[in-house]
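What follows is calculated from the coordinates using simple rules that are stated; it is not laboratory data. Keep in mind that this is a model prediction, so the values were computed, not measured. Note: ideal-geometry Cβ built from the backbone for every residue, glycine included; neighbour counts use all protein chains shown.
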Amino acid sequence: MPELPEVETVRAGLADHVLDQVITEVEFRHPRATRRSPGGEAALADATTGARITAIARRGKYLWCEFGNSDATLLIHLGMSGQILIDPRPGMPRHHLRARFAIGSHEVWFVDQRTFGHLMISESHETPDGQPAGWGSNQPRIPTAIWHIARDPLDSYADLPAIARAIRGRTTSIKRALLDQTVVSGIGNIYADESLFHARIHPRRATATMSQKQALKVLHEAREVMTQALAAGGTSFDVLYVDVAGRSGYFERELTVYGRAGLPCVRCARPIVRESFANRSSHRCPSCQRTPAPAHLAKC
DNA sequence: AGCGTGTCCTGGATGC
DNA sequence: TGCATCCAGGACACGC
């Protein structure tokens, strides 16, 4: 399940192989892959065939290709199970292959078992702050389809104090705010739990009752845990996720709470608990992340 | 307007 | 053993 560090690993891998190359062939193998793209498969193929890739950019979990002076971008979201495979081995199974591209001398596959991922063409427009929209972008433009996606904790143009203030302005729980991509992007269930553990904050803590220092602490921990995950090559839980060359990440060994229900807390040895949260689950240490007083607890 | 819930999807795990 | 149900997850449409 690719989150920000995994997506960045994919971005860097793609940039290594297809930057300055021309897309010569596009083939779609599943209609859901292009469901959000205006005009569908035909328009996407039309917009990309013959185009030269001049940047591979990323904001949060979204990737996009820039094409020189063109306003059009090819936007990619890997969803839960999406993978990008470059020059896949000849025997690689094809049953989850959703789209394939010939780019320069490379074969590039978009493989996605659960089909939550998608590809789309999006026009772009100038960023409000005049800065590049994300890692790898070399122009101050953002795909219009993701104008509402906030900068992520690894983005050098992200204003963490401003994000902390936005979090505190919400009437919800800190975990919901962290998962809201319009507040801060790139944080999924795994890194939300990890960041909150490191910051010693309960997932259901009401954001409006948090101090600026506490909110900022959570964001800094998110940045830290993602930086470490990135250095380790991305997190992986099963064979669904592999990076562009088909290798799995190995950061999962470093996770402190996520997926560790019943196992001892790395700090205090009390068993980690798993609780249901908004049709999902939260993992926390009942001792390091104590339940706040009712007045400081959000409804969900 | 802002917030919370339901939905999309597949296949491994679990239950009877 | 086999069938049925549950569950995981990100993003967004929708309703309150």
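Dipole of the range A:75-209 computed with +1 at Lys/Arg Cβ and -1 at Asp/Glu Cβ about the Cα centre; of A:G130, A:F116, A:Y157, farthest Cα towards the positive end is A:F116.
Run the numbers on the range A:1-74 and let me know its relative contact order in percent, using alpha-carbon pairs under 8 Å that are six or more apart.
The value is 33 percent.
Amide H contacts of A:A261 (H built 1.01 Å from N, in plane; Pro and chain starts excluded): no residue 5 or more places away or on another chain comes under 5 Å. Along the charge dipole of chain A, which of A:T144, A:P294, A:A12 sits closest to the positive end, that is, farthest toward it, with unit charges on the beta carbon of Lys, Arg, Asp and Glu (+1, +1, -1, -1)? The Cα lying farthest towards the positive end belongs to A:P294. For the range A:152-241, the Cβ-based charge dipole about the Cα centre amounts to some 580 debye (Lys, Arg positive; Asp, Glu negative; other atoms uncharged).
Considering only the Cα atoms of chain A, their convex hull presents on average a projected area of 15.3 nm².
The Stokes-Einstein estimate for the range A:52-93, based on a Kirkwood radius over Cα pairs and taken at 4 °C with 1.567 mPa s viscosity, is a diffusion coefficient of 107 µm²/s. Our helix-only sum for chain A, with -39,500 (n - 2.57) per DSSP H run of n ≥ 4 divided by its residues, gives a mean residue ellipticity at 222 nm of -7500 deg cm²/dmol.
Residues considered: A:A99, A:A158, A:A57. Largest GNM mean-square fluctuation over chain A, using C-alpha springs under 10 Å, is found at A:A158. First measure r as the distance between the Cβ atoms of A:T24 and A:S70, then evaluate 1/(1 + (r/R0)^6) with R0 = 25 Å and state the FRET efficiency to the nearest 0.05. The computed FRET efficiency comes out at 0.90. Exposed loop sites are taken as trypsin sites (Lys or Arg not before Pro) in a DSSP loop (any state but H, G, I, E or B) with at most 11 other beta carbon atoms within 10 Å; the longest stretch of chain A without one runs A:95-298.
Plainly put, the range A:4-146 has a radius of gyration that is 0.93 times its Kirkwood radius, both from alpha-carbon atoms, as the Rg/Rh ratio.
Positive contributions from Lys and Arg (+1) and negative ones from Asp and Glu (-1), summed over other residues with Cβ under 9 Å from the Cβ of A:I149, come out at +2. Structure remark: mean-square fluctuation, Gaussian network model of chain A, C-alpha springs under 10 Å; the largest value among A:L19, A:L196, A:L119 belongs to A:L19.
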